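One structure is given below, encoded as structure tokens.
The values are calculated or read from the model by the stated rules, or taken from the named source; none is laboratory data. Because the structure is predicted, anything quoted here is derived from the model rather than measured. All Cβ positions, even for glycine, are placed from backbone atoms using ideal geometry, and neighbour counts span all protein chains on display. Calculation scope for accessible area: heavy atoms of the full protein, side chains included, ligands and nucleic acids excluded. Shrake-Rupley method; radii C 1.70, N 1.55, O 1.52, S 1.80 Å.
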Amino acid sequence: MAPMIDIEDLHVTFSNGGRSVHAVQGVSFSVEEGESFGIVGESGSGKSTVLKAVSGLIPSESRSLTVNGRPAAERRSKADRRLMQFVFQDPYASLHPRQTVDEALREPLSIHGLDRKDERIEQALAEVGLLPEHRFRYPHQLSGGQRQRVAIARALILRPPVLLLDEPTSALDVSVQAEILNLISRLRQANKLTIILVSHDLGVVAHLCNRIAIMQFGKIVEVVNTADLSAGRVTQDYTRRLIEASRGFVREPS
Amino acid sequence: MSDKLLTVENLNVTYPGRAGVTHALKNASFELGRERLGIVGESGSGKSTMGRAILGLIPKPGIVTADRLDFSGKSLLTNTDRDWQKLRGRRISMIMQDPKYSLNPVRKIGDQIAETCRLHLGSTRKDAEQRSLAMLEAVQIRNPDAVYNQYPHQLSGGMGQRVMIAMMLVAEPDLLIADEPTSALDVTVQNEVLRILDRLVADRGMGLIFISHNLTVVSSFCDRVLIMYGGRILEQCAAKDLGEARHPYTQALIAATPSLDHPKAELATMVRDPAWLL
Ligand SMILES: Nc1ncnc2c1ncn2[C@@H]1O[C@H](COP(=O)(O)OP(=O)(O)OP(=O)(O)O)[C@@H](O)[C@H]1O
Ligand SMILES: Nc1ncnc2c1ncn2[C@@H]1O[C@H](COP(=O)(O)OP(=O)(O)OP(=O)(O)O)[C@@H](O)[C@H]1O
Ligand SMILES: [Mg+2]
Ligand SMILES: [Mg+2]
């Protein structure tokens, strides 16, 4: 069977002013249906850019870039859009400041003509641990983590088969994070959800993903399975430094 | 001069709203010296509210009251707008939780940092530019010259966060409130940024309030920790003893942390006890 997501030799170049930034330089990987694929790596290494290219949000070049067998850039129909949802790194990017939580969750339901809207909204809020009192607030009246949970609820409310998650829990405390990771794991098992997860937290990636790509300077430097990452069976120096640094801060002797 | 930078006694913040009053901060009391004080606690527990209240930035219709809120021996409660202008961004700075939201989207990064220098340090144009570039370099931005001329939307999440840190540090504040300053950074860069903050505390005697969800970072980096829940400070402890914290809430936070070394099929979740709020 063909993989759910297939990427071969992906390149993305941004131009700003006179300079051009070659943000993604020949990235290839594929994700099977029902698999969770993790991406970790250096800040600015192109992780978010890869996700945006997969979702067709930005132009890219590649030998192949398909989701469910169809080219990513051409997924324009309503059904195509429902296939995949994106939780952005910056919750402000996905929440409109003048839209209440209720409106933000209702919008996708209306676009895709789903019934029982109130019931679905209530359920979506409960799933991410938000209370009825949050439903009619505006984004600025919520804490950072509450806003991020609205963005997650909005992505999950359509029950998409493919989820792209960019730092979905980095604004959340560990107790809410645990609930959301458990929720995503449950949905994944029940619905054969396919996931790409970008996170700086190796514990989070290891918890949710089977395979993990490590990125640096626009390239994947290695792909390891989770057990190997935990055991430190890695080949790249940068990966070793990541594992080391994730164990905490070490004060230099003064 | 005493070593107490900040004294907070019975600080309260309430937001009246349609569905009743939100008591975002309840009788919070603590002191801060020239040290690294961590604040942990679940989402909505009042951590950012605490930072904003100290800076006089609680938005209307929010209400702030306190028995005492002293910075360097002087009360902040009676501050006029002019007093705040002299303090904010200069002697007390806050790195906000949403970096891109706090940056002006239509101004170049470098101009925004340089303006802070000119405003608070009275630097000349040239000096401001040099300081800004040096600060970008200090927070491990790879191409400071290029980033200087970019706009916020052209930066990755972690770059935006480091730009915010650079902007808050150029003015060399006495008290820095850092709200999730490293959550968008990869762990190697995170440790470099922590090292910068660490030096400012050790060498310059800055006081640091470090708000974070990352218990591993807080316990290895901070001196002391406040644990918050429902707008209250539930307990305080030495950061290195966080692993042996007594309160069941703190223990539950630790148990909910996913670990690379000890993977679990299902993460422990929190069972909240109403008695914690009594
Ligand atoms: N719209 C844009 N215009 C110009 N350059 C951009 C744009 N978006 C991203 N870049 C650049 O592309 C590179 C990769 O950015 P990207 O956001 O993919 O990094 P990332 O790996 O997600 O980093 P982080 O962990 O910090 O979020 C960076 O150098 C960034 O400055
Ligand atoms: N402008 C506002 N109006 C009404 N309620 C507010 C407002 N700002 C914050 N709150 C509420 O105050 C409480 C504390 O919010 P705060 O932002 O301090 O939480 P936090 O501990 O920083 O959480 P997080 O970890 O999610 O950032 C939350 O319940 C939040 O919904
Ligand atoms: Mg990113
Ligand atoms: Mg906050």
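Return the residues of the stretch A:191-223 that are among the acidic types (D, E) and either buried (at least 21 other Cβ atoms within 10 Å of the Cβ) or within 15 Å of the chain's Cα centre (by Cα) (or both); say none if nothing qualifies.
Restricting attention to the stretch A:191-223, the residues satisfying the condition of being among the acidic types (D, E) are A:201, A:222.
Scanning the stretch A:191-223 gives a single hit, A:D201.
Take the residues of the stretch A:7-26 that are among the polar types (S, T, N, Q) and open to solvent by 80 Å² or more (accessible area, probe 1.4 Å): which is nearest to ligand 3 (Cβ to nearest atom)?
That would be A:T13.
Can you tell which of A:L208, A:L142 is under 21 Å from B:I39 (Cα atoms), of a type outside the set (K, R), more than 16 Å from ligand 1 (Cβ to nearest atom) and in contact (Cβ under 8 Å) with a residue 24 or more places away in the chain?
Selected residue: A:L142, the only one of A:L208, A:L142 that is under 21 Å from B:I39 (Cα atoms), of a type outside the set (K, R), more than 16 Å from ligand 1 (Cβ to nearest atom) and in contact (Cβ under 8 Å) with a residue 24 or more places away in the chain.
Just checking, which of A:S55, A:S45, A:S62 is away from ligand 2 (no atom under 16 Å from the Cβ), small (G, A, S), within 14 Å of chain B (Cβ to nearest Cβ) and touching a residue at least 24 places away in the same chain (Cβ under 8 Å)?
Result: A:S45 is the single residue among A:S55, A:S45, A:S62 that is away from ligand 2 (no atom under 16 Å from the Cβ), small (G, A, S), within 14 Å of chain B (Cβ to nearest Cβ) and touching a residue at least 24 places away in the same chain (Cβ under 8 Å).
Quick one: would you say B:I165 is open to solvent by 10 Å² or more (accessible area, probe 1.4 Å), within 14 Å of another protein chain (Cβ to nearest Cβ), among the aliphatic types (A, V, I, L, M) and touching a residue at least 40 places away in the same chain (Cβ under 8 Å)?
Spelling it out, it is not the case that B:I165 is open to solvent by 10 Å² or more (accessible area, probe 1.4 Å), within 14 Å of another protein chain (Cβ to nearest Cβ), among the aliphatic types (A, V, I, L, M) and touching a residue at least 40 places away in the same chain (Cβ under 8 Å).
Between a first residue in the stretch A:109-131 that is part of a loop (DSSP other than H, G, I, E, B) and a second residue that is open to solvent by 30 Å² or more (accessible area, probe 1.4 Å) and among the acidic types (D, E), which pairs have beta carbons less than 7 Å apart while being 6 or more apart in sequence or on different chains?
A:G129/A:E179
Here is a yes/no grid of residues against (1) part of a helix (DSSP H, G or I); (2) in contact (Cβ under 8 Å) with a residue 24 or more places away in the chain:
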| position | (1), (2) |
| --- | --- |
| A:R188 | yes, yes |
| A:H200 | no, yes |
| A:V223 | no, yes |
| A:Y238 | yes, yes |
| A:V250 | no, no |
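Here is a yes/no grid of residues against (1) within 12 Å of ligand 2 (Cβ to nearest atom); (2) open to solvent by 60 Å² or more (accessible area, probe 1.4 Å); (3) assigned to a strand (DSSP E or B):
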residue: B:K4; (1), (2), (3): no, yes, no
residue: B:V8; (1), (2), (3): no, no, yes
residue: B:A24; (1), (2), (3): yes, no, yes
residue: B:R34; (1), (2), (3): no, yes, no
residue: B:L37; (1), (2), (3): no, no, yes
residue: B:G44; (1), (2), (3): yes, no, no
residue: B:M50; (1), (2), (3): yes, no, no
residue: B:A53; (1), (2), (3): yes, no, no
residue: B:P59; (1), (2), (3): yes, yes, no
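If you go through the stretch B:171-189 one residue at a time, do you hit one that is more than 9 Å from chain A (Cβ to nearest Cβ), assigned to a helix (DSSP H, G or I) and closer than 27 Å to A:G41 by Cβ?
Within the stretch B:171-189, none of the residues are more than 9 Å from chain A (Cβ to nearest Cβ), assigned to a helix (DSSP H, G or I) and closer than 27 Å to A:G41 by Cβ.
Any chance you could count how many residues in the stretch A:161-176 are more than 7 Å from chain B (Cβ to nearest Cβ) and within 16 Å of ligand 4 (Cβ to nearest atom)?
Residues meeting the conditions: 1.
In the stretch B:247-272, what count of residues is obtained for those that are at the interface with another protein chain (Cβ under 7 Å from one of its Cβ atoms), farther than 19 Å from A:S230 by Cα and open to solvent by 10 Å² or more (accessible area, probe 1.4 Å)? If you could, list the steps in order and put the result at the bottom.
So the first thing to find is which residues in the stretch B:247-272 are at the interface with another protein chain (Cβ under 7 Å from one of its Cβ atoms), and the list is B:252-253, B:256-261, B:263, B:266-270.
Pick out the ones that are also farther than 19 Å from A:S230 by Cα and you get B:252-253, B:268-270.
Those still in the list that are open to solvent by 10 Å² or more (accessible area, probe 1.4 Å) too: B:252, B:268-270.
Selection size over the stretch B:247-272: 4.
Looking at the structure I just gave you, is A:R147 touching a residue at least 24 places away in the same chain (Cβ under 8 Å), within 16 Å of ligand 4 (Cβ to nearest atom), open to solvent by 10 Å² or more (accessible area, probe 1.4 Å) and touching a helix residue (DSSP H, G or I) at 6+ places or on another chain (Cβ under 8 Å)? Working first, answer last.
On the way: touching a residue at least 24 places away in the same chain (Cβ under 8 Å): yes; within 16 Å of ligand 4 (Cβ to nearest atom): yes; open to solvent by 10 Å² or more (accessible area, probe 1.4 Å): yes; touching a helix residue (DSSP H, G or I) at 6+ places or on another chain (Cβ under 8 Å): yes.
Considered against the rule, which asks whether it is touching a residue at least 24 places away in the same chain (Cβ under 8 Å), within 16 Å of ligand 4 (Cβ to nearest atom), open to solvent by 10 Å² or more (accessible area, probe 1.4 Å) and touching a helix residue (DSSP H, G or I) at 6+ places or on another chain (Cβ under 8 Å), A:R147 comes out as yes.
Checking B:K108 against (1) in contact (Cβ under 8 Å) with a residue 60 or more places away in the chain; (2) within 13 Å of chain A (Cβ to nearest Cβ), which single condition isn't satisfied?
(1)
Identify, please: which residue in the stretch B:215-246 is within 16 Å of the chain's Cα centre (by Cα), within 13 Å of chain A (Cβ to nearest Cβ) and open to solvent by less than 30 Å² (accessible area, probe 1.4 Å) and is, among those, nearest to A:A178 (Cα to Cα)?
Result: B:L215.
Return yes or no: is A:T235 surrounded by fewer than 16 Cβ atoms within 10 Å (Cβ to Cβ), hydroxyl-bearing (S, T, Y) and either touching a helix residue (DSSP H, G or I) at 6+ places or on another chain (Cβ under 6 Å) or over 24 Å from A:I111 (Cβ atoms) (or both)?
So A:T235 passes the test.
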